[in-house]
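Taking it in order: structure first as structure tokens, then the write-up.
The values are calculated or read from the model by the stated rules, or taken from the named source; none is laboratory data. If you're wondering where the values come from, they're calculated on a predicted model, not measured in any experiment. When we count neighbours, we look across all protein chains shown, and the Cβ atoms used for this are built from the backbone with ideal geometry, even at glycine. We work out accessible area using only protein heavy atoms, side chains counted, and drop any ligands, DNA or RNA first. Shrake-Rupley method; radii C 1.70, N 1.55, O 1.52, S 1.80 Å.
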Amino acid sequence: MAYANQSEVFAMIVIQGPGALSGELSVQGAKNSALPLLAAAVLARGETVLHNCPRLSDVDTACRILEHLGCRCRWQEGSLVIENAATCCEVPQCLMREMRSSIVFLGAIVSRCGEARLCFPGGCELGPRPIDLHLEALSRLGVEIQEEGGCLSCAAPRGIQGSYIPLSFPSVGATENVMLAAACGRGTTVIENAAREPEICDLAAYLNRCGARIYGAGEGCVIIDGVEALYGCEHRVMPDRIAAATYLAAGAVTGGTVTLTGVDNTHLLPMLPPFEAAGCAVRQMGGAICLMAPPRLSGIRHLRTMPYPGFPTDAQPVVMAMAAVGQGTSVFVENIFQNRFRQAEELGRMGAKIKVEGRVAVVEGVEHLTGAQVQAGDLRGGAALAVAGLAAWGTTQITGERHIHRGYQDLAGSLRALGANIQEAP
Ligand code: EPZ
């Protein structure tokens, strides 16, 4: 398959600010739905077609995993087509290391092949990324797991046996792994304290369209009645709620007016309070949302990240970039990841006043930021630097753009469509 891995083409984003954004933008398909959907395609016989699948380097990596397993992937008129001929049950370390979320292939591979071999995805920029909840849940389903030298050998000699799975934390990935492992298992599986994120509902919708029997997705308890077989189908990937929050933050921080189309407004509701606290007027209508920013943002006072339907951790960095120029103090409490304030130091190079103590960050809003050379350390932190660069006076150069390409389909082009002075440079 031809991969559009732009990170080999560009290494830096250059932004001239400030400049108010305005106009309309259609939002990409959701990275965090496309990835588990691609893993789910391993379970479905025949062909799966994913419409509205975003063109991202993480999607490229997932396709490399699928092709290593024996599937064939191709883009056809903007949709991703996966022909499932998976026979291999091993994911090479290089691909596991490229993308932590590749752990979500485990449940699908062990269900399809009866065994699976892959390595620990390893820590990441956000702090340790343990998979204990995944492994504990899969072992309850009858999967025998050997860990050796950072690699996992898994086998289900008696097949996947339905079971009761109480999750001690509503882990998105662990919930997805159990759904994938149990969809074709024997008997019924009940996931207690399941993640409620919209991406869970999107995965259940695809699996049910393939013939699965999954009930309660999006609620705290998901029930999976195992079926004999699943058959590929067409599915439209849900809109990316985090990309939407990113473009709303870009409009807010520049004092602009932006309209996003192709969104699911229900998914955006948990993210709107900080925008409204900052003084933005937000109007939701059908599949669109319009944000009108005040000439100067207010601080957002207090924001804590929580599992859905709380405020999503993935939108915290871009809202911090907004708060950096908001009038007053904003307090952030990051309850999901240990190390998700990496953008604070780089925002500081642009003049932001942010004090980080463990899981708490205190932001004193400043009149304006100043363009600087900054380094993206992770996907959403990189997006936050771009948001800040749009409002900063002067030139901002963001290196480490490969992080951004993991989750944003042409971020620079999308912001340019809203009037930003932004280029990609080698
Ligand atoms: C998914 O990651 C998303 N990634 C993340 O988005 C998102 O931030 C996260 O959910 C929370 O919403 C994808 O969907 C590909 P978790 P995931 O399991 O599944 C701990 C982005 O920027 N935990 O809900 O890895 C874990 O350490 C990415 O798009 C365990 O302790 O998230 C973390 O503190 C970043 N043991 C917390 O739970 C486990 O076995 C949340 O993790 C699993 C997780």
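So who's got an amide H within less than 5 Å of the one on GLY326, skipping anything under 5 residues away but keeping other chains? H placed 1.01 Å off N, in plane.
Amide H neighbours of GLY326, under 5 Å, 5+ apart: VAL366.
Counting Lys and Arg as +1 and Asp and Glu as -1, what is the net charge of the other residues whose Cβ lies under 14 Å from the Cβ of CYS201?
-2
Ranked from highest to lowest mean number of other Cβ atoms within 10 Å per residue, what is the order of the peptides 190-199, 100-109?
So the order, starting with the most tightly packed, is 100-109, 190-199.
Quick one: length gained pulling GLU144 to ARG283 fully straight, 0.36 nm per residue minus the C-alpha distance?
Between GLU144 and ARG283, full extension yields an extra 44.9 nm.
Which part of segment 61-84 falls in the paramagnetic zone of GLU47, meaning amide N under 17 Å from the point 7 Å along Cα-to-beta-carbon?
Label zone hits: 71-84.
Calculate, in nm to one decimal, what VAL227 and ARG97 gain on full extension: separation in residues at 0.36 nm each, minus their alpha carbon distance. Kindly include the intermediate steps, with their values, before the conclusion.
Numbers: separation 130, 0.36 × 130 = 46.80 nm, distance 3.23 nm.
Between VAL227 and ARG97, full extension yields 43.6 nm more.
Explain nothing, just compute: Karplus ³J(HN,Hα) = 6.51 cos²θ - 1.76 cosθ + 1.60, θ = phi - 60°, for every residue of segment 402-410 in order, whole Hz, x for Gly and Pro.
4, 4, 5, 5, 4, x, 10, 7, 6
Put +1 on the Cβ of each Lys and Arg and -1 on the Cβ of each Asp and Glu in the chain; which of TRP75, THR313, GLY114 then has its Cα farthest toward the positive end of the dipole?
THR313
Quick one: with all protein chains in place, what share of the accessible area of segment 67-116 is carbon or sulfur, to the nearest percent (1.4 Å probe)?
44 percent
Specify whether the C-alpha gyration tensor of segment 246-404 places it in the rounded, prolate or oblate class, a ≥ b ≥ c being the square roots of the eigenvalues: rounded for a/c under 1.5, otherwise prolate if a/b is larger than b/c and oblate if not.
On the way: a/c = 1.40, a/b = 1.23, b/c = 1.14.
It is rounded, given that a/c, with a ≥ b ≥ c, falls under 1.5.
All other residues with a Cβ under 11 Å from the Cβ of GLY218 taken together, and with Lys, Arg as +1 and Asp, Glu as -1, what is their net charge?
Within the 11 Å Cβ shell, the charges total -3.
Divide, for the chain, the radius of gyration over alpha carbons by 2.2 N^0.38 Å, where N is the residue count.
Scaled against compact globular proteins, the figure is 0.97.
Residues of segment 85-100 with amide nitrogen under 15 Å from the 7 Å Cα-to-Cβ point of GLU115?
87-91
Based on the inverse mean of 1/r over its pairs of different Cα atoms, what is the Kirkwood hydrodynamic radius of segment 323-426, in Å?
Details: mean 1/r = 0.0710 Å⁻¹.
Evaluated over segment 323-426, this radius sits at 14.1 Å.
Which residues' amide hydrogens lie under 5 Å from the amide hydrogen of ALA372, considering only partners 5 or more residues apart or on another chain, with H built in the peptide plane?
THR396, GLN397
Test of understanding: in a Gaussian network model of the chain with alpha carbons linked when under 10 Å, which of ASN335, ASN52, ASN32 would top the mean-square fluctuation ranking?
Maximum among the listed residues: ASN335.
Treat segment 253-323 as a sphere of radius equal to its Kirkwood radius over Cα pairs and apply Stokes-Einstein at 25 °C in a medium of 0.890 mPa s; give the translational diffusion coefficient in µm²/s, rounded to a whole number.
In µm²/s, the coefficient rounds to 195.
Can you give me the accessible area per residue for the chain, using a 1.4 Å probe, in Å²?
37 Å²
Show me the three semi-axes of the equivalent ellipsoid for segment 151-240, from the C-alpha gyration tensor (sqrt of 5 times each eigenvalue), largest first, rounded to whole Å.
Values: eigenvalues 75, 58, 32 Å².
They are 19, 17, 13 Å, listed from largest to smallest.
What ³J(HN,Hα) values, in whole Hz, does the Karplus curve 6.51 cos²θ - 1.76 cosθ + 1.60 give for segment 415-426 when θ = phi - 60°, with x put for Gly and Pro?
5, 5, 5, 9, x, 6, 8, 9, 10, 9, 10, x
Quick one: which residues, 5+ away or cross-chain, put their amide H under 5 Å from the amide H of LEU230? H built at 1.01 Å from N.
ARG45
What ranking, highest mean first, results for peptides 59-65, 366-372 when packing means the other Cβ atoms within 10 Å averaged over each residue?
Going from most to least packed, we get 59-65, 366-372.
With charges only on Cβ, +1 for K and R and -1 for D and E, what is the dipole size of the chain about its Cα centre, in debye, rounded to 20? Write out the running numbers ahead of the final one.
Working: 33 positive and 40 negative charges, 87 e Å.
The dipole of the chain has a size of about 420 debye.
Which sequence of SER171, SER22, SER298 reflects their accessible areas, 1.4 Å probe, from the largest down?
Output order, biggest surface exposure first: SER22, SER298, SER171.
With Cβ to Cβ distances under 11 Å as the rule, what net charge do the other residues near ALA137 carry (K, R +1; D, E -1)?
The answer is -3.
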